[in-house]
Structures are given as structure tokens and as C-alpha cells.
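The values are calculated or read from the model by the stated rules, or taken from the named source; none is laboratory data. The structure presented is a predicted model; accordingly, all values stated were derived computationally and were not measured. Backbone-built Cβ (ideal geometry, glycine too); neighbour counts: all protein chains shown. With ligands, DNA and RNA removed, areas are computed over all heavy atoms of the protein, side chains included. Shrake-Rupley method; radii C 1.70, N 1.55, O 1.52, S 1.80 Å.
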Amino acid sequence: MNVDTMRAIDRYAGIPLTFLGTLLTKTAGLLRSAPYQKPRNVLLVELSEMGSAILVDPAMRKLQSQIDGELYFVIFSKNKVSLQLLNTVKEENIFTIDEGGMVPLALSTLRFFKWCREKQIDSVIDLELFSRFTALMTGFSGATNRVGFHSFHNEGLYRGDFLTHKVAYNPHQHIAKNFVALVDALMSSEQQLPFTKRIIDDSEIAIAKTEVTETQKREVLEIIAEKYAGFDPEVNPVILVNSNASDLLPQRRWDRENYCEVIKKVLAYNDKAIVLLTGAPAEFDGAQALADCVNDARCINFAGGVKFLQLPHLYSVCAFMLTNDSGPAHFASITDMHTFVIFGPETPALYGSLGPTTPIFAGMACSPCVSAANHRKTPCSDNQCIKVITPEWVFETLKPKLDALA
């Protein structure tokens, strides 16, 4: 199913279903307030965003340190691999929802309800901001403690009334802090309205770093050497460019011609550097179009060049990465590689990488135009917030890092 289809289903089926589900469960007494139960087996729900699996990691690690039990996670099957980058959740504790169509989606959801009871899930944290589907999953999970974002007096985004711990989503602080607020709410034995009434320090969202062995680095360097004859890691600094962005928000994409111009400037500025165009195997053709535009042997189509779980190994041997606001910026945060991230309809204040990073953001009057309040769907068909960012602007932002390579 494409993104717009999923949004339509969530809206037109989700709203009446969450209303009827709330009515049914409250009438049947299934959602009556129960005495607070200390969390033991905690399930986190985040289906659609691979980058969020990284952004939620500080909250997960805090939760893991405070419970005497197991941490569980449910996610769309195509996104499961993102949880394996840091391995905070055990492989056997991850449940995947099949998003391949209505029937697989329904069947895997029914299996999910059975799985929750088999695993004796007592607490659920719904990390989604607007999904009625995850609200229903949370409400019918059988868990005593149900935590999530609640709209309170805000208009729109009705998700029913399934929560025992209602947290106010704060659009003025980083999403990682919002995730920590959900954990705080779960661990509180006293009700607050709304949760969570405390200051969350920046130190609480420090990202864990992955360990990369010398062998893993060598393996990646050998792959690069296969793509570029005469490659010497002591002589040729490697720069990554990710020009892709997910279909969830295509307005995040900076034009290919702009990337082409920046890459040409980088290669002219440093005659030893090589640029790898990264991406998934399915993005090979798009990366090739960019490589053809640059038309330089030192600009290499590297889409699908390494497996997903090898990305940290790749990042650990590279100088820096230029990328759209998308998953790779967050995947890179678990290493020490610096990222330069181009933002448009989103804001780095909310979704900036937790690693070493420099956001490139115009901050137009209309931006950010997507939020939890509008289902992350914008009417914009002329993304000037991205278009006003020029290749010259980006190159000048990169130049200090290029100078450090000399």
C-alpha cells in the first residue's frame, strides 16, 4: 500500500473504529481504570518511520534500565532492520506487521493481539503521533498501562480514548524528548494531567554509539576499492551523498541538479576526494542519473553497495555525509561521522539527528508545514523551503569540513 492509501484508511476507517472501539470497551468495562501496575513487560509501538527507531533509542535505554522485565517492539516488516542497528530490543521480542495489503495487514494484526497475551504484555507505549491504527492496537492489546500522545483540547487527530497515561505532545521540543516523556509517564505511579511535568535535559537524549571493528572497516574499504580503482584510504577521503527521501514526504527532496552542482564543486575543491552516492538497491537508477550528471570517475553510484547493517561500518570510514532529511541522517548518528542535513517542510528543532550534525534550513514563514496536527500531509506543491537552498549555500557550509581534509 502506498502512503496516501494508508493515510486514507487511517482517516476514514480509523476515526469511526476508534470511536466505536472506545464506546465498546468502556461499555464492556474493559478500559475501566485499574490499580497502577509496575511495568514489567513493555511494548513500544512505532510502525512506519525507520529513523524513529533510532530517535527512540535513548528512551528505550532509559526504560530498559528501570524495568525488571522485557522490552518488546512492534514495527512494519520492511522497517524491522532499523531496530537491528543498535540491538536494544532482542530479535525474538520484535513483532512485525505485514503492510503488503489489507488482508496481510488484518491477519498480522490479529496475530499481534494473540502475541501480546502470550508475552504477557502489561504496558504499551504508542510512539505514533497521529495513527488511529496504533491507537486501536494499544487499546486492544490487553495491557494494563497504556501510554501515548493525547490531543486534549487540540482540534483534529481524534484517536479514541484508550490511554491510561495521557501525554501532551510538545511540538516545540525534539521528538526524542517527547519519547522520553512517554517513558516518564509510564514509570509514574501518580497521575498527572497532562504528563510529563519536568524538564528533560539534553543529556537524556544522547545517542548510543555502535562498535565497529577494524575487520568490518577493512571489509567496507575493500568494497569501495572494487568500485574505484587505485583507492587508497590514506589518500582518498570518502564523502557520502544521499539524495533520496522516502515517499512519506517527497517535498523533502532537494533537486538532483543541485546535488550534481555541489558534487562537482567538492571534487574540484579536493582533487583526491571520492564521492559515493548511497541508497537502497531500489534507488540505483536514481543514483545513476546523478552520477551521469556529475560525469566524473570520482563520483560513484554506491546504491546497494553495502547491506543495511553494514551502514555503520561505511559511515565509520567516511569523512562526512550530505543528505536529505531522511533515515540515513539518523542511522549515521550512531557513529562519529558528521552529517549535513537539508531541511525543508520539517524542522531540525524537532527531527534533527542526535549525532554530530549541521542542519541546512532556510526557516521560511511557511515552514515547517507538516506536523502531528495535519497527518504530516501538506498542500504544498512548490517547496520553496528547499528550492531557496542553493548549491553555493550548501558548498560553503561543507567547506570547513573539506578544508579539514587537506
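Overview of results
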read-out: Two-decimal ratio, segment 259-391, of alpha-carbon radius of gyration to 2.2 N^0.38 Å; value: 1.11
read-out: Relative contact order of segment 297-406, pairs being alpha-carbon contacts under 8 Å that are 6 or more residues apart, as %; value: 20
read-out: Farthest toward positive dipole pole in segment 141-239 [+1 Lys/Arg, -1 Asp/Glu at C-beta], among 153, 143, 167; value: 153
read-out: Unpartnered cysteines - no second Cys beta carbon under 4.7 Å - across the chain; value: 116, 299, 318, 366, 369, 380, 385
read-out: Debye intensity ratio in log₁₀ form over the Cα atoms of segment 123-187, taken at each q of 0.17 Å⁻¹; value: -0.52
read-out: For the chain, the Rg and Dmax computed from alpha carbons only, in angstrom; value: 22.2, 72
read-out: Using alpha-carbon coordinates, inclination of helix 284-294 to the longest axis of the chain, degrees; value: 30
read-out: Listed residues 124, 183, 103, most fluctuating in the chain (Gaussian network, C-alpha, under 10 Å); value: 103
read-out: Against the rule of thumb 2.2 N^0.38 Å, how large the Cα Rg of segment 72-147 comes out; value: 1.06
read-out: Crossing angle, helix 391-405 versus the chain [Cα axis fit, 0-90 degrees, rounded to tens]; value: 70
read-out: Viscosity 1.306 mPa s, 10 °C: Kirkwood-radius Stokes-Einstein D of segment 94-230 over Cα pairs, µm²/s; value: 88
read-out: For segment 179-285, alpha-carbon Rg over 2.2 N^0.38 Å; value: 1.67
read-out: Segment 36-182, relative contact order [Cα under 8 Å, separation at least 6], %; value: 25
read-out: Cβ-Cβ FRET estimate between residue 309 and residue 8, R0 fixed at 41 Å, reported to 0.05; value: 0.75
read-out: Inter-label distance, nm, simple model (7 Å from Cα along the C-beta direction), residue 190/residue 40; value: 2.6
read-out: Solvent-accessible surface (1.4 angstrom probe) belonging to residue 364, in square angstrom, nearest 10; value: 60
read-out: Max mean-square fluctuation residue, GNM over the chain, Cα-Cα springs under 10 Å, options 97, 200, 263; value: 200
read-out: Segment 2-139 shape via C-alpha gyration tensor axes, a/c threshold 1.5; value: oblate
read-out: Packing-based order for 339-347, 233-241, using average beta carbon neighbours within 10 Å, highest first; value: 339-347, 233-241
read-out: At R0 = 51 Å, FRET efficiency that the Cβ-Cβ distance of residue 284 and residue 203 yields, to 0.05; value: 0.80
read-out: Cα centroid separation - segment 223-270 against segment 180-217, whole Å; value: 33
read-out: Approximate spin-label separation residue 382-residue 271, in nm, with each point projected 7 Å along Cα-to-Cβ; value: 4.4
read-out: Order of exposure, largest accessible area first, which applies to 351, 12, 36 with probe 1.4 Å; value: 12, 36, 351
read-out: Violating pairs (Cα-Cα greater than 26 angstrom) within the set 90/307; 78/119; 227/264; 272/401; 62/377; 62/90; value: 62/377
read-out: Gap separating the Cα centres of segment 60-100 and segment 145-164, nearest whole Å; value: 23
read-out: The chain: calculated mean residue ellipticity at 222 nm from DSSP helix runs of at least 4, using -39500 (n - 2.57); value: -10500 deg cm²/dmol
read-out: Amide N proximity, segment 267-305 versus residue 257 label position 7 Å along Cα-to-Cβ, cut-off under 17 Å; value: 289-295
read-out: Over the chain, relative contact order from alpha-carbon pairs under 8 Å, at least 6 apart, %; value: 14
read-out: Nearest-0.05 FRET efficiency for residue 103 and residue 374, computed from C-beta distance (R0 35 Å); value: 0.75
